[in-house]
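Presented below is the structure to which this report refers.
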Amino acid sequence: MSGYNPGFDISPNFDADLAFGQQGEESVKKFFQSLISGSSEVKTDRYRNGRMVVETDQNPYNRGWKKSGINVTTAQWWVYIYSLGEAFVIVSVERLKRYLRANPGRFNEETKGNFARNSDNPTRGFLLEPDEVMDMLYNNRYD
């Protein structure tokens, strides 16, 4: 195989790898425990466009805007379904909030979008593009 570079091989350290893997398993266990206890907010992408809607306010029956969604949730986890029964992203509510707060130029009162305008419960909030979702998920800036 041309171009093989042994410097890219992972140097195994079984004890360190095992400990790191166990931390991951513990994270998943905590997630499932909180999911069972009902501590998740689940949203579904109807349009399957890779964007994530984060609701912040609603106007039920056009009687005035009130805080909702990420502003009032008591859930620990934000679950966003991109494809029913097939694909979803799970992020802690705290991480999502840290992400939004860390980017005030992008996420502020002036940049909120309106959703479900013609319904009896219009909402507004933020629309995260796919690259923003990925940045939120892996960037250690939001740890």
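The residue pairs whose first member lies in region 126-143 and is farther than 14 Å from residue 94 by Cα, whose second member is outside any loop (DSSP other than H, G, I, E, B) and not basic (Lys, Arg), and whose beta carbons are closer than 6 Å, counting only pairs six or more residues apart or on different chains, are 126/54; 127/53; 127/113; 128/52; 133/52. Against the numbered list (1) touching a strand residue (DSSP E or B) at 6+ places or on another chain (Cβ under 7 Å); (2) among the small types (Gly, Ala, Ser); (3) more than 21 Å from residue 32 (Cα to Cα), residue 75 comes up short only at (3). Is it the case that region 14-31 has a residue that's at positive phi and out of contact with any helix residue (DSSP H, G or I) (no Cβ under 9 Å at 6 or more places or on another chain)? For region 14-31, residues at positive phi and out of contact with any helix residue (DSSP H, G or I) (no Cβ under 9 Å at 6 or more places or on another chain): absent. Taking every residue in region 32-57 that is of a type in the set (Phe, Trp, Tyr) and pairing it with any residue that is assigned to a strand (DSSP E or B), at least 6 positions away or on another chain, yields no pair with a Cβ-Cβ distance below 6 Å.
Rule-based calculations on the coordinates, nothing more; no lab input. Computed from a predicted model, the values in this text were never measured in an experiment. Cβ sites come from the backbone with ideal geometry, for glycine too, and all protein chains shown count toward neighbours.
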